[in-house]
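Q: The structure's right below; bear with me while I get my questions together.
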Amino acid sequence: MLKIYFGDMKEEAVYNTEVYFKNVFEDHWLEDDFAREIIKGVDKSEVIDTHLIKSPVLGMIPPTMLSGGVKTLLLIKNCPNMVFNASTCGDNCAKYILKLAREQDVTINLHHIMRFNTRFEALILNDNTTVSNMEQLIIASARYV
Amino acid sequence: MTGKYEIKISNNRVSFTLILERNISIIRGDSATGKTTLIGLLRDYEQHGKSSGVSVQSKKPCRVLTRDDWQERIERIRDSIIFIDEGNDFVKSERFAEVVKNSSNYYVIITRENLYQLPYSVNSILKLKTTNRRKKTYIRSYPLYDRLNNPIEQITGSDLVITEDSNAGYELFLSITQSHDVACIPANGKSNVFSQIIDHVDEKILAIADGAAFGAEVDKIYQLMEEHPNKVTLYLPESFEWLILKSGILGAQTPVDILATPSTYIDSSLYFSWEQYFTDLLIQITSNTILRYNKRHLNPVYLQPANVAKFLDAIRD
C-alpha cells in the first residue's frame, strides 16, 4: 500500500535524501533486480558492480553520482521503516514507487504533486482519505502543497 | 541586476546552456536530466576555478549556496547568479524571501516544490533537455510550460472566465465576456484560482492570471488541465497592466523598447517581480493624462470600444 503525507513532516521524514544516501548507502543495495531496473529505467545507466555504474553521460561513476530520484528510490526500498522526501523524485520515478508499494508498505513524504500516469491507490495520511486516480490526488493534496 | 544572460557550463563530457532573464528561475522536471550534475560542475568551478577542468562562460559570477552557509554568504554576494540545489529547505523560508526581495542577484533554484513566498514567473520555470548526444552531451534549459494558443477563441468559447484580479483587470475582462455572453467571476487573488476552478470544473473554464508572479500556483492547475484537457485552460500574460501597455492604447507613450526587452530595464533589487514593474510603469506613464490608471478601479476610458479592441489585439498577439 502506498501512503503519502503531503507537506512538512519536520524530523519525521528525511528531507535531504542526497546527504542521507551518502552516509547510509550499502554496497548490497545494488545487487538486486529492482536496483538494476531503476538505474536502467531512470538514469539509463548500467550497474557494473556494487561500486561502479556506467553512465552514458558521465562515464564510470560511483553510486553517490546516481540521480537524486534513483537514490531516493533506493532509500525507500532499503530503509522501509523510514520516511523520505520523494519530491526529490521526478515523475519518471513514479511507476517504481508504485511497484515497490505493490510489494511492501511504502510511506513517502511529498512537497509537490507527483504524476502517477497509471492506475494506483494511495492513502493520504494528512486526512486519511484514499485516492485512486490523479484528479482525486490533485484535489486532495492541493491544500497541503 | 538587470539583463538577460546565457550561461555555458561544461566539462569534457557534458555542456549546459541556461538562459536566464529574471531574478528567480526554477529548474524542475524528471530525474536524471542533469540538475545535480550542473550544480556539481558549478561547485567544482567555484572551489577550484579553471583548474577544476570545468569551464563557465557567464558575464556574471556564478555561486552555489548550501544549507550550511547560505545566511552568512547571501548577504555578501552581489551582482551574481546564485544556484541552489534540491534538498535545501531554506528556500521555503520567509527569511530567504526577504533577502531575495531586495537582492542584486539572480537566483536559480532546483526544486519541484511550489515556493509561495516568492513571486516567480511561469516563464522562468525551466526544464533541462538533452539536445544532442554524440561524444559529448549537450543540455539546454527550456520553459517547462507551453503558452496558450488562441486566447481570444478560448475567452469567447468558454462557459466561464475566472480572473485572478478582482479590480481593474476583472472589470475589463467582464466587459469583454459580457459581450460574448460568457460568465466572468473574480478569484480575488492568485491563491484562489485553483479552488475556483475546482468549484466549476464541470464547465468549460478559462482562468486568466498574471503569469509574471503565478509560478507557485501553476503546477496544480496544469495537473488538473491534464485531467480535463478540453475543459480547463489557462491564459497567463505577464500581467493585466502589461497587456494594456502592449495594446497601443497609450499611443505614442507606449514603451516599445521596454516591452521588447523588459529584462534590460527591470532591476531585481527594486522589483520583486515584473508584475510590480509593469503596474508602476503604467501608473507613471498615465499619470496626469486622461488614461490615468488606477489598479483598484478601472478608469472608464479603457472600456471605450476602440480601447477594448486594442486590448483584444494585444491578447491575440
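Q: When both residues are 6+ apart or on different chains and their Cβ atoms are under 7 Å apart, which pairs have a first residue that lies in segment A:37-48 and is more than 9 Å from chain B (Cβ to nearest Cβ), and a second that is assigned to a loop (DSSP other than H, G, I, E, B) and hydroxyl-bearing (S, T, Y)?
A: Hits for this filter: A:I39/A:S45.
Q: Still on this structure, I have one more. Taking segment A:41-81 as the search range and keeping residues that are surrounded by fewer than 13 Cβ atoms within 10 Å (Cβ to Cβ) and among the polar types (S, T, N, Q), which one is nearest to A:V106 (Cα to Cα)?
A: So the residue we want is A:N81.
Q: Counting only residues that are within 14 Å of chain A (Cβ to nearest Cβ) and closer than 30 Å to A:G59 by Cβ, give me the helices (runs of 4 or more DSSP H) lying completely in segment B:1-107 with at least 1 of them.
A: In segment B:1-107, B:35-48 are the helices (runs of 4 or more DSSP H) which contain 1 or more residues that are within 14 Å of chain A (Cβ to nearest Cβ) and closer than 30 Å to A:G59 by Cβ.
Q: Would you confirm whether or not segment A:64-75 contains a residue that is more than 24 Å from A:E135 (Cβ to Cβ) and more than 13 Å from chain B (Cβ to nearest Cβ)?
A: No: zero hits.
Q: For the structure I just gave you, tell me whether B:K50 is surrounded by fewer than 16 Cβ atoms within 10 Å (Cβ to Cβ), over 30 Å from B:L270 (Cα atoms) and either at pLDDT 95 or above or of a type outside the set (F, W, Y) (or both).
A: Here the answer is yes, as B:K50 does meet what is asked.
Q: Tell me, yes or no, whether segment A:13-25 has at least one residue that is more than 10 Å from chain B (Cβ to nearest Cβ), closer than 24 Å to A:S141 by Cβ and surrounded by 17 or more Cβ atoms within 10 Å (Cβ to Cβ).
A: yes
Q: Also: Does segment B:168-190 include one or more residues that are in a strand (DSSP E or B) and over 28 Å from B:Y293 (Cβ atoms)?
A: No, there is no match, as no residue in segment B:168-190 is in a strand (DSSP E or B) and over 28 Å from B:Y293 (Cβ atoms).
Q: Could you list, in sequence order, all residues of segment B:191-214 that are in a helix (DSSP H, G or I) and touching a residue at least 40 places away in the same chain (Cβ under 8 Å)? Step through it out loud before you land on a result.
A: Within segment B:191-214, the first condition is being in a helix (DSSP H, G or I), and the residues that meet it are B:191-199, B:211-213.
Those that are in a helix (DSSP H, G or I) and touching a residue at least 40 places away in the same chain (Cβ under 8 Å): B:S191, B:G211, B:A212, B:A213.
Q: Still on this structure, please answer the following. Looking only at segment B:157-167, decide whether some residue is out of contact with any Ser or Thr (no Cβ under 6 Å at 6 or more places or on another chain), assigned to a helix (DSSP H, G or I), buried (at least 17 other Cβ atoms within 10 Å of the Cβ) and outside the structural domain of B:Y120 (by TED's automatic domain parsing). Steps first, please.
A: Here is the first cut: in segment B:157-167, the residues out of contact with any Ser or Thr (no Cβ under 6 Å at 6 or more places or on another chain) are B:157-160, B:162-167.
Now drop any that are not assigned to a helix (DSSP H, G or I), which leaves none.
No, the conditions are met nowhere in segment B:157-167.
Q: Let me ask another. Which of the residues spanning segment A:22-51 are in contact with a Leu (Cβ under 6 Å, 6 or more places away or on another chain) and among the aromatic types (F, W, Y)?
A: Answer for segment A:22-51, where residues must be in contact with a Leu (Cβ under 6 Å, 6 or more places away or on another chain) and among the aromatic types (F, W, Y): just A:W29.
Q: Starting from segment B:238-265, take each residue that is outside the structural domain of B:L291 (by TED's automatic domain parsing) and hydrophobic (A, V, I, L, M, F, W, C) and list its partners that are surrounded by 23 or more Cβ atoms within 10 Å (Cβ to Cβ) and in a helix (DSSP H, G or I), counting only C-beta distances under 6 angstrom and pairs at least six apart or across chains.
A: none
Q: Only residues that are among the basic types (K, R) and exposed (fewer than 15 other Cβ atoms within 10 Å of the Cβ): list them for segment B:130-156, please. Don't jump to the end; show me each part of the working.
A: Start the filter on segment B:130-156 by keeping residues that are among the basic types (K, R), which leaves B:133-136, B:140, B:147.
B:R133, B:R134, B:K135, B:K136, B:R147 - these are the residues of segment B:130-156 that are among the basic types (K, R) and exposed (fewer than 15 other Cβ atoms within 10 Å of the Cβ).
Q: Within segment B:172-213, how many residues turn out to be within 14 Å of another protein chain (Cβ to nearest Cβ) and aromatic (F, W, Y)?
A: Of the residues in that region, 1 qualify.
Q: Shifting gears a bit: Can you find a residue that is away from chain A (no Cβ under 14 Å) and within 10 Å of the chain's Cα centre (by Cα) anywhere in segment B:214-231?
A: yes
Q: Being at pLDDT below 95 and in contact with a strand residue (DSSP E or B) (Cβ under 8 Å, 6 or more places away or on another chain) is true for just one of B:G87, B:G34. Which residue is that? Reasoning before the result, please.
A: Details: B:G34 fails: at pLDDT below 95.
Result of the check over B:G87, B:G34: B:G87.
Q: Evaluate segment B:177-187: report whether one residue or more is within 20 Å of the chain's Cα centre (by Cα) and either surrounded by fewer than 16 Cβ atoms within 10 Å (Cβ to Cβ) or outside the structural domain of B:R296 (by TED's automatic domain parsing) (or both).
A: Taking segment B:177-187 and keeping what is within 20 Å of the chain's Cα centre (by Cα), we get B:187.
Filter again for either surrounded by fewer than 16 Cβ atoms within 10 Å (Cβ to Cβ) or outside the structural domain of B:R296 (by TED's automatic domain parsing) (or both), leaving none.
No - not one qualifying residue is present in segment B:177-187.
Q: Here's a follow-up. Can you pull out every residue in segment B:221-237 that is touching a Phe, Trp or Tyr at 6+ places or on another chain (Cβ under 8 Å) and free of Cβ contacts under 8 Å to residues at least 60 places away in the same chain?
A: Result: B:I221, B:L224.
Q: Then there is this: List the helices (runs of 4 or more DSSP H) that sit entirely inside segment B:215-317 and contain at least 3 residues that are surrounded by 13 or more Cβ atoms within 10 Å (Cβ to Cβ) and among the polar types (S, T, N, Q). Before you say what the answer is, go through the steps one by one.
A: Details: elements: B:215-227, B:240-247, B:256-260, B:262-265, B:274-286, B:305-316.
It comes to B:274-286.
The values are calculated or read from the model by the stated rules, or taken from the named source; none is laboratory data. Bear in mind that the values here come from a model prediction, so they are computed numbers and not experimental data. Cβ: placed from backbone, ideal geometry, glycine included. Neighbour counts: every protein chain shown.
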